[in-house]
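Notes follow the structure.
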Amino acid sequence: MTAPPATRARVPRKPDRHEQSVGLPWFVWIPAGLAFLLIALPVVGLLWKADWSRMPELLLSDAALDALRLSLETAAVSTLLCILLGGPLAVVLARGRLPGLRTLRSVVLLPLVLPPVVGGLALLFLLGRTGLVGRGLDLAFGITVPFTTAAVVLAQTFVALPFLVVSLEGALRTAGRRYEAVAATLGASPALAFRRVTIPLVLPGLASGAVLAFARCMGEFGATIAFAGSLQGTTRTLPLLVYLERETDASGAVALSLLLVVVAIIVIVVGRPRGTEGLT
Amino acid sequence: MSLDVDVRLDRESFSLHVAMAAAPGEVLAVLGPNGAGKSTLLGILSGLLRPDAGHVRVSDHTVTDVEGGVFVPAHRRGVGLLAQQALLFPHMTAEANVAFGPRARGVPKREAEARARALLADVLPDVPGLPGRKPAQLSGGQQQRVALARAIAPEPDLLLLDEPLAALDVDAAPAMRSLLRRVIRDGKQTAVLVTHSALDALVLADRVVVLGRGRVVEQGPTRDVLGRPRSAFTARIAGLDLIPGVHEAGALRASDGTVIAGRDGEAGEPIGTGDPAVAVFPPSAVAVYADEPHGSPRNVLPVRLASIEPRGDIVRLRAAPRDGGPEWLDGLAADVTPAAVADLAVEPGCPLWFTVKATEVEIHPAG
């Protein structure tokens, strides 16, 4: 196979000037405009507030570079963990026939609705030195998780996992089981059908879920600060640094915020064409 | 026997109890209205449903035996499926789709690809670059042809055809029907065809099983069952008049020598003179006269009225042969208005003339 897998031909429809719109009621335009401004104006505010002459210096400081590197690395590892763990979880949720699957799904969605700082505290109480699991880890292996880079990764994975699971589960449900049934009648074992049919079919959903998860990891703040603290080079990711800088050097915070905006824009550009559809 | 089924499946509102068999190379049509249990039966055969009792044997292998605790999963049954939708894997080329089955059964890559190309050339000879195309680049009819190639590529012991023409538009269906006839029937592929079209059964199947509410209502050779339905139920399903015979220059010669004028119903498949064929026409195309019509270029059939069946706002008149008349007239139907019946002033036993225009009569290969 030479062509990339799972390219569903989607020809963008050209707007046709003959087309007569059914029309929107006038009253949706004002709140719609306000909503748009609410999202767009703060970014403009950042740009306006930015101290462009000091920008290179601010962005190239050791603290900033350390935070950027740490953020990218931990977000990448966390996204990978989301795929490796959340992928199979999505398959079980979409295809499994277990009792209590609905309850299971609600639990999986918990990090979406839980304040991240609560999640971080929960992780701390679980894996802290006196925690349920943490005590065992400490006694048996001498491992302490909190306030390490591993804790950052765990916190990010915790909050980002539902994004990947929900996106992928939707893709799996949309793809349905019909193709897998056809593969079975052609003699493909469940493992082969999964590898050659199911995965390629849901690849767009997986990609969009991964992009969303990565973006969520990059922006993670509450769970990280509660569970991993804020140590430069080890656990102080970009959002943590932004918050810290805000108190001492506002223009530094603005510069770092713009850096996060740029990363976010890249994520949207890379992930959007399929990403937004994967969400529906 | 290549297929031997005797199964029972109970659901809350529905129960299926079917026994049927097919000889090697035989095509068995399962005919029935929606809700008769056709899809359930296919699910049981393909291994996607587990019956409550009974057994399924394919090529003398027991693939389901509830009492004996045998249930072979779908992918180890050697039972292929061609469904209403082509369901080609959208991320694979046509060739990769067709090669998928042989590859899954361990055929070496190059051999599987060669087989795929040969099959594609057979089902769609005039599409350039077909093997490398993605399903999205093919029309619905083309996709269904590729799906057929894919279904037969692993050389299944039994092929299930689930309304394979139902989703095609009227232009694509006849060509696909003759392709199925060539590939399945002439290729001696043992198959079960599920359909609610009497025409599909006529053209494709050796034998018919009529299913109603989960039970076998009638079964036997296609032309016998559909031509002379023994139950009103089958007659309703069939819903067509048909006359068996042999093809003869744009017409059909029935067993007693009567020539029925008509037109070839199948696109692309010439029928040879002397080949077995059937003349098919809808009962609504039949006009009924009490006296012999003259000077008409139509097919005129002398019959005796067997029964009058009111059906909503029309009346179906059933014919029987007159004394000494040919057997094949038995059961022919004509749909007329109640007013026409009143004008005719007839009752069962009266002689009548059924006439039908040659343009309404389609001649199909059969048998």
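Odds and ends about this structure:
- Qualifying positions in the stretch B:56-69 - under 28 Å from B:Leu165 (Cα atoms) and in a loop (DSSP other than H, G, I, E, B): B:Ser59
- Across the stretch B:123-160, the qualifying residues are those that are over 24 Å from B:Val194 (Cβ atoms) and basic (Lys, Arg), and the one among them that is least open to solvent (accessible area, probe 1.4 Å) is B:Lys134.
- Those residues of the stretch B:114-156 which are outside any loop (DSSP other than H, G, I, E, B), within 11 Å of another protein chain (Cβ to nearest Cβ) and free of Cβ contacts under 8 Å to residues at least 60 places away in the same chain, in sequence order: B:Gly132, B:Pro135, B:Ala136, B:Gln137
- Whichever residue in the stretch B:31-55 is farther than 16 Å from B:Leu161 by Cβ and within 14 Å of another protein chain (Cβ to nearest Cβ) and, among such residues, is surrounded by the fewest Cβ atoms within 10 Å (Cβ to Cβ): B:Arg50
- Selection count where residues are more than 8 Å from chain B (Cβ to nearest Cβ) and surrounded by 18 or more Cβ atoms within 10 Å (Cβ to Cβ), scope the stretch A:179-192: 1
- Hits in the stretch B:130-176 - residues which are in contact with a strand residue (DSSP E or B) (Cβ under 9 Å, 6 or more places away or on another chain) and among the polar types (S, T, N, Q): B:Gln144
- Matching helices (runs of 4 or more DSSP H) fully within the stretch A:1-111 where at least 2 residues are modelled with pLDDT of 90 or more and open to solvent by 40 Å² or more (accessible area, probe 1.4 Å): A:29-49, A:62-81, A:87-95
- Residues that are part of a helix (DSSP H, G or I), of a type in the set (Phe, Trp, Tyr), within 26 Å of the chain's Cα centre (by Cα) and within 14 Å of another protein chain (Cβ to nearest Cβ) occur in the stretch A:193-202; there is at least one.
- Residue match in the stretch B:83-91 (condition: crowded, with 17+ Cβ neighbours inside 10 Å and more than 10 Å from every other protein chain (Cβ to nearest Cβ)): no
- Check on B:Leu28, buried (at least 17 other Cβ atoms within 10 Å of the Cβ), out of contact with any Ser or Thr (no Cβ under 6 Å at 6 or more places or on another chain), in contact (Cβ under 8 Å) with a residue 40 or more places away in the chain and hydrophobic (A, V, I, L, M, F, W, C): yes
- All of B:Leu49, B:Leu41, B:Leu28 fail the test of being more than 12 Å from B:Val79 (Cβ to Cβ) and assigned to a loop (DSSP other than H, G, I, E, B), apart from B:Leu49.
- When the test is whether a residue is under 20 Å from the mean Cα position of the chain (by Cα), among the hydroxyl-bearing types (Ser, Thr, Tyr) and open to solvent by 10 Å² or more (accessible area, probe 1.4 Å), A:Ser257 passes it.
- Test: residue in the stretch B:194-203 that is away from every other protein chain (no Cβ under 13 Å), open to solvent by 10 Å² or more (accessible area, probe 1.4 Å) and under 23 Å from B:Phe89 (Cα atoms): no
- Of all the listed residues (A:Val211, A:Val145, A:Val165, A:Val153), the sole one being open to solvent by 10 Å² or more (accessible area, probe 1.4 Å), in a helix (DSSP H, G or I) and touching a Leu at 6+ places or on another chain (Cβ under 8 Å) is A:Val153.
- Residue in the stretch A:205-218 that is within 14 Å of another protein chain (Cβ to nearest Cβ) and not aliphatic (A, V, I, L, M) present: yes
- When the residues of the stretch B:70-80 are filtered to those that are in a strand (DSSP E or B) and open to solvent by 40 Å² or more (accessible area, probe 1.4 Å), the one that is farthest from the other protein chains (Cβ to nearest Cβ) is B:Val70.
- Residues in the stretch B:139-189 that are at pLDDT 85 or above and of a type in the set (Val, Ile, Thr): B:Val146, B:Ile152, B:Val183, B:Ile184.
- The residue of the stretch B:101-113 that is surrounded by the fewest Cβ atoms within 10 Å (Cβ to Cβ), among those that are in contact with a helix residue (DSSP H, G or I) (Cβ under 7 Å, 6 or more places away or on another chain) and at the interface with chain A (Cβ under 8 Å from one of its Cβ atoms), is B:Ala104.
The values are calculated or read from the model by the stated rules, or taken from the named source; none is laboratory data. Please read all numbers here as calculations on a predicted model, not as lab measurements. Here Cβ is always computed from backbone atoms with ideal geometry, including for glycine, and neighbour counts include all displayed protein chains. These area figures cover heavy atoms from the full protein model, side chains too; ligands, DNA and RNA do not enter into them. Shrake-Rupley method; radii C 1.70, N 1.55, O 1.52, S 1.80 Å.
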